[in-house]
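Report on one structure; see the data block that follows.
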Amino acid sequence: MSVTTLDTNSAHILDNPAWAALTGPHAHFAERVGHAARYQQDVAPFHAVSDGDDPRAWADLAALVGPNGTAAVGGVTEAPDGWEIVGEGEGVQLVDTALRAEPAPEAVRLGPDDVPEILDLIARTKPGPFLERTIDLGTYLGIRDRGRLIALAGERLRPPGWTEISAVCTDPAYRGRGLATRLVRAVAAGIRERGDTPFLHAAADNTNAIRLYESIGFTLRRRTTFSLVRRTEAAVLEETA
C-alpha cells in the first residue's frame, strides 16, 4: 500500500466528516442533542460529537443514545470517562486528487424500489453498512446484467464541499471486469458537477481496494479508527441512582 499522504497537521473538515455532514448538508437526516448527533436509525448507523475532547459533547451523546444505547463514532481510540469501547476497526480515508471522472453509459440510477436488491448485493459482498433509507443520502448507481443488479456505488456522507463515495461492490461472479472503477468514476462525475470533491473510506486491511483507489487517482489522507462505544454499567448506575 502506498504511504503517500496529504498534509494533516492542521484541522480539516474531513477530520470529523460525520459531524460536518450532520450539521450541514445532511442536517435533515439528523437527530441531535447539543454537541452530539446521529443519522436517523434507518438511514445510517453513524454518530458524531463536535469535539472528542469535550466532556459536554459526550454527555450530549449519552443523552442522545440513552443508558443502554451504543454509538458508532469515528476517530475514537480511547474511551472517555464513563464509556467503553465494545468494538473497533481500523480504516483509511482517501481523497480525490487525480481521478478521471466520467459517466458510465451502462449505469442506471437506483431508487427506493431497488433497495431489496441492493441489500442482497450488500449482504453478499459486505462493503459496509447499508440500511433501508441509505438510498436517500445521495445518488446511487448500479450496473445490471440481464436485469440482475451486479455492481453498485453511491454517495453517503456529505460534509460541506465534499461527498463520500460508498457501497462500492461487485457480485463475485463479475469481478475483474472494471465495473467498480466505472461506477466510482461515474459517481465522482456527479459529485464534481455540483462542485464537491469526492472522498472515501476503506478498511485498513482491504489492501486490494486501497491499491485500486490509489491507482485511479485517490490519495491516502489519513488513517482512522471506527469504534462502537457504550456507557459503562457503573456510569449508568450512577446516573440513575
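A few points about this structure:
- Among the trypsin sites (Lys or Arg not before Pro) in the stretch 156-241, those located in a DSSP loop and surrounded by at most 16 other Cβ atoms within 10 Å of their own Cβ are R175, R177, R194.
- Neighbour net charge for V108 - beta-carbon separation under 13 angstrom, K R +1, D E -1: -1
- W162 long-range amide H proximity, modeled H, under 5 Å: T197
- Residue-span extension gain [E233 to R175] - 0.36 nm each, minus C-alpha spacing: 16.3 nm
- Euclidean distance of C-alpha centroids, the stretch 185-223 and the stretch 62-128, integer Å: 14 Å
- Positive contributions from Lys and Arg (+1) and negative ones from Asp and Glu (-1), summed over other residues with Cβ under 14 Å from the Cβ of I143, come out at +3.
- Percent of beta bridges antiparallel (DSSP, the stretch 1-146, rounded to nearest 5): 90 percent
- GluC sites (Glu not before Pro) lying in DSSP loop within the stretch 1-106, provided at most 14 other Cβ fall within 10 Å: E78
- Integer Hz, Karplus 6.51/-1.76/1.60 couplings in order for the stretch 70-75, x for Gly and Pro: 10, 9, 9, 10, x, x
- Between L119 and R144, the simple label model (points 7 Å from Cα in the Cβ direction) yields a spacing of 1.9 nm.
- For the residues V187, V76, V49, a GNM of the chain with alpha-carbon springs under 10 Å puts the largest fluctuation on V76.
- Residues in the stretch 217-224 carry Karplus couplings, in order, of x, 8, 10, 4, 9, 7, 9, 8 Hz; the curve used is 6.51 cos²θ - 1.76 cosθ + 1.60 with θ = phi - 60°, and Gly or Pro positions show x.
- Shown for the chain is the translational diffusion coefficient from the Stokes-Einstein equation, using the Kirkwood radius over Cα pairs, a temperature of 20 °C and a viscosity of 1.002 mPa s: 115 µm²/s.
- Each listed q (0.13, 0.19 Å⁻¹) maps to a log10 I(q)/I(0) for the stretch 1-108 from the Debye sum over equal C-alpha point scatterers, namely -0.60, -1.06.
- Backbone geometry of the stretch 91-98 corresponds, through the Karplus equation with coefficients 6.51, -1.76 and 1.60 at θ = phi - 60°, to 3J(HN,Hα) couplings of x, 10, 10, 10, 10, 6, 10, 8 Hz, x marking Gly and Pro.
- Cβ-based net charge around E238, under 12 Å, with every Lys or Arg adding one and every Asp or Glu removing one: -2
- Annotation: amide H-H contacts under 5 Å for A151 (H modelled 1.01 Å from N, sequence separation of 5 or more, or interchain): I143, D171.
- Percentage relative contact order, the chain, counting C-alpha pairs under 8 Å, at least six apart: 30 percent
- Ellipticity estimate at 222 nm from DSSP helix runs (n ≥ 4, -39,500 (n - 2.57)) divided over the chain, nearest 500: -7500 deg cm²/dmol
- Springs join every pair of Cα atoms under 10 Å in this Gaussian network model of the chain, and among H26, H12, H35 the largest mean-square fluctuation is at H12.
Read-outs: derived from the displayed coordinates by stated rules, not from any lab. It should be emphasised that the depicted structure is a prediction, and the values quoted were computed from it without experimental measurement. With ideal geometry, Cβ positions are generated from the backbone for all residues, glycine too; neighbour counts draw on all protein chains shown.
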